[in-house]
Amino acid sequence: MLETGLLSPELVDGGRAEAEANGEGVLDTLVRKGSVEPSVVTMAKATYFGVESVNLGDLRLRDEVIALIPRHVARKFNVMPVGQSDSGAVIVALSDPSDIDSVDGLRHAIGKDVEMRVTSSTDIESSLNRFYGNATRDDSGIAKMIQDITEGEVEVGGLSGDVADDTEAIDADAPIIKLVNQVIVDAFKKRASDIHLEPLGKRFRLRFRIDGVCVEQPDLPKRLQAPIVARLKIQSGMSIAEKRIPQDGRINTNVGGKTIDLRVNSIPTQHGESICMRILDKSGLRLGLAELGFFADDQGTFERLIGLPDGILLVTGPTGSGKTTTLYSCLNYINRPDRKIITVEDPVEYMLAGINQVQVNEHIGFTFANALRSMLRQSPNVIMLGEIRDLETASIAINASLTGHLVFSTLHTNDAPSAVTRLIDIGVKPFLVASSARCFMAQRLVRKICKNCGAPHTLTEKEIQPLNITPEQLQQATARKGKGCSECNKTGHRGRFGIFEIFLVQDEVRRLIFEKVPANILRRKALELGMRTLREDGTRKVLSGLTTAEEVVRATVSEH
């Protein structure tokens with residue numbers, strides 16, 4: 001790079017000795033001394049690496065460009081987003097194209113390819129301050145607290161990697177405790193559903209899952225990994241002496257006047273114990289069926305089904321698809337003084353007023369099946385079973401539904417018709433499934449368009465094709481898309497709702513279940529009888545301006 005013709009050999013040689021003495025690069029020394037303009041160094045780097053140079057001071061960057069890289073990521077890798085290529089790669093300005101490790105780290109952090117442009121380090125710093133705000137300001141509070149701990153080299157309040165299991169001896173004002181509390185507060189304020197603390201080789205990564213997507217936060221100090229994990233294990237009632245096996249615990253705390261529960265899990269990894277905390281906000285469960293994402297026609301159908309006196313209704317989908325929230329909302333809807341409702345859960349996630357909730361305990365033999373048998377002696381009208389896992393549990397639940405009880409439960413299947421074959425596969429007789437089942441409903445969660453920055457959007461061919469949107473549908477469409485704003489953290493999305501596939505068990509379907517036909521034949525019959533698939537329901541919501549085509553495609557599989 002020093003032989004590009006932009007810098008004379010004499011000038012370079014003159015700065016070499018001083019650079020070596022100060023432990024810095026020759027070019028940095030020449031710029032610091034004023035021997036060469038930063039723009040000349042930028043041109044030299046651009047010529048040497050064969051990339052374009054850019055003057056950030058001349059650019060007016062739009063909000064959607066800034067949103068391509070979160071602030072903490074841009075500062076961590078000292079880069080500035082300046083655009084996006086036709087291929088989807090993020091175009092970034094940086095001062096050192098030779099730092100391949102940082103470029104690779106940036107690609108991993110944002111999940112996209114990167115195209116480089118070269119600029120000066122002073123341009124990078126001034127642009128970061130101009131577009132992202134001053135480095136000392138961080139709306140999460142975590143970065144500032146980490147900075148205080150790191151710069152002050154403070155003690156960690158008696159917590160170390162070999163902590164005694166003695167919560168009485170821990171100072172409540174200790175910096176580690178404050179930092180852990182700040183992480184929880186910030187996660188709650190950002191509407192995170194999960195907090196992930198992940199030990200990597202040289203990093204202690206912190207991520208929040210917001211609207212179903214993991215978002216990186218400022219890394220926690222690696223040297224504080226052991227005391228932070230120890231603090232969380234003590235707080236959640238785990239053994240800090242045991243580091244070889246996974247553990248589960250629970251934290252009950254108050255944030256901003258709201259009581260929240262955190263379900264905590266630790267698992268040993270190669271670089272230490274990884275912690276995941278699921279945030280259970282009790283106030284956030286006050287949902288009506290409309291808020292779940294039902295359109296009026298589907299909501300009417302579902303309200304009729306959950307008002308039946310008996311039968312079984314199964315909600316299906318993968319982990320994290322909102323099944324439990326749907327069931328709780330159903331119970332809230334039908335919860336009246338003249339009905340006795342009992343739930344069996346592992347664990348009880350939310351406390352519901354007026355409902356008897358039972359938590360299983362496998363360690364003492366109090367299983368789903370045992371709890372279900374006992375609760376039937378309580379003469380309930382409605383039973384909610386957290387999950388059907390085996391033949392014994394399924395048989396008791398189905399028999400309960402055939403003897404005058406309304407039963408809600410969940411299954412892990414990809415679509416609604418597959419729930420039938422799943423029950424038969426675990427050993428339930430086909431005639432019992434056909435006689436007891438009222439409805440199988442599959443669901444997924446998609447992100448809502450931000451109400452603050454959502455604007456009318458013309459669907460492109462790339463968005464139309466996978467959803468099979470017809471010209472007639474396009475004429476009636478009111479599609480929208482979020483531009484990205486402070487309310488939605490520049491994502492264009494805020495909150496989530498469901499898309500649904502409601503499979504009603506009608507007479508023709510019962511006959512096919514009796515005959516033990518494959519799931520694909522059941523699915524074909526369900527479609528003939530008017531069932532909308534997950535993707536079709538999602539498409540309706542794209543055309544109504546509630547979510548985006550990308551969200552629906554991401555959450556559903558192609559039907560062709």
field: Spacing of the two label points (7 Å from each Cα toward its C-beta) at residue 203 and residue 520, in nm
entry: 4.3
Listed residue (446, 414, 435) projecting farthest to the positive dipole end of segment 390-455, Cβ model: 446
- prompt: So, in Å, what gap is there between the alpha-carbon centers of segment 201-246 and segment 77-112?
  reply: 27
- request: Please work out how much length the chain gains when fully extended from residue 86 to residue 334, using 0.36 nm per residue of separation minus the C-alpha to C-alpha distance, in nm with one decimal.
  value: 84.1 nm
task: Using a 1.4 Å probe over the heavy atoms of the protein chains, calculate the carbon and sulfur portion of the accessible area of segment 235-364 as a whole percent.
output: 50
task: Hey, can you find the accessible area per residue of the chain for me, probe 1.4 Å, expressed in square angstrom?
output: 48
- request: Starting from the Cα of residue 112, step 7 Å along the direction of its Cβ; do the same at residue 60; then give the gap between the two resulting points in nm.
  value: 2.2
Burial order of peptide ranges 211-221, 371-381 (average beta-carbon count within 10 Å, highest first): 211-221, 371-381
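Kindly identify segment 291-447 as rounded, prolate or oblate by the Cα gyration tensor criterion: order the square roots of the eigenvalues as a ≥ b ≥ c, call it rounded if a/c is under 1.5, otherwise compare a/b with b/c, prolate if a/b is larger, else oblate.
Taking the square roots of the gyration eigenvalues as a ≥ b ≥ c, segment 291-447 is rounded.
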field: Simple Cβ-charge dipole of the chain, Lys/Arg +1 and Asp/Glu -1, about Cα centre, in debye nearest 20
entry: 2120
query: Over the heavy atoms of residue 319, what accessible area does a 1.4 Å probe trace out, to the nearest 10 Å²?
result: 120
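How large is the convex hull of the C-alpha atoms of the chain per residue, in Å³?
188
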query: Which values, in whole Å and largest first, are the semi-axes of the equivalent ellipsoid of segment 334-377 obtained as the square root of 5 times each eigenvalue of the Cα gyration tensor?
result: 21, 13, 6
Residue 213-residue 379 pseudo-label distance in nm [points 7 Å out on the Cα-to-Cβ vector]: 5.3
- request: Take each of the peptides 190-201, 53-64, average the number of other beta-carbon atoms within 10 Å over its residues, and list them starting from the highest.
  value: 190-201, 53-64
- request: Positive end of the charge dipole of the chain (Lys, Arg +1 and Asp, Glu -1 on Cβ, about the Cα centre): tell me which of 246, 557, 292 has its Cα farthest that way.
  value: 292
message: Below 8 Å between Cα atoms, with a sequence gap of 6+, how large is the relative contact order for the chain in percent?
response: 9
field: Relative contact order (%) - criterion: Cα under 8 Å, at least six apart; region: segment 217-276
entry: 24
message: Can you sort 511, 209 by solvent-accessible area, 1.4 Å probe, largest first?
response: 511, 209
Loop sites in segment 255-324: trypsin sites (Lys or Arg not before Pro), DSSP, at most 15 other Cβ within 10 Å: 286
- request: May I ask you to rank 412, 108 by accessible area, largest first, using a 1.4 Å probe over the protein chains only?
  value: 108, 412
- prompt: Which entries in the list 189/490; 462/541; 190/481; 178/490; 462/483 go over 23 Å, if you measure between the two C-alpha atoms of each?
  reply: 178/490
- prompt: So what's the angle, to the nearest 10 degrees on a 0 to 90 scale, between helix 296-306 and the longest Cα principal axis of the chain?
  reply: 50
- prompt: Lysine pairs in segment 210-347 8 or more apart or on different chains: how many have alpha carbons under 27 angstrom apart?
  reply: 10
task: Just read off the accessible area of residue 333 with the full protein assembly in place, 1.4 Å probe, to the nearest 10 Å².
output: 110
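Subtract the Cα-Cα distance of residue 269 and residue 460 from 0.36 nm times their separation in residues, and report this length gain in nm to one decimal.
Additional length available on full extension: 64.4 nm.
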- prompt: In the chain, with Lys and Arg counted as +1 and Asp and Glu as -1 at Cβ, which of these residues, 499, 256, 380, has the Cα nearest the positive end of the dipole, that is, farthest along it?
  reply: 380
query: Using alpha-carbon pairs under 8 Å, 6+ residues apart, how would you state the relative contact order of segment 204-247 in percent?
result: 25
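The values are calculated or read from the model by the stated rules, or taken from the named source; none is laboratory data. What you are looking at is a predicted structure, and each value in this text was computed from that prediction instead of being measured. Please note: Cβ atoms are built from the backbone with ideal geometry, for glycine as well, and neighbour counts cover all protein chains shown. The accessibility values were calculated without ligands, DNA or RNA, using every heavy atom of the protein model including side chains. Shrake-Rupley method; radii C 1.70, N 1.55, O 1.52, S 1.80 Å.
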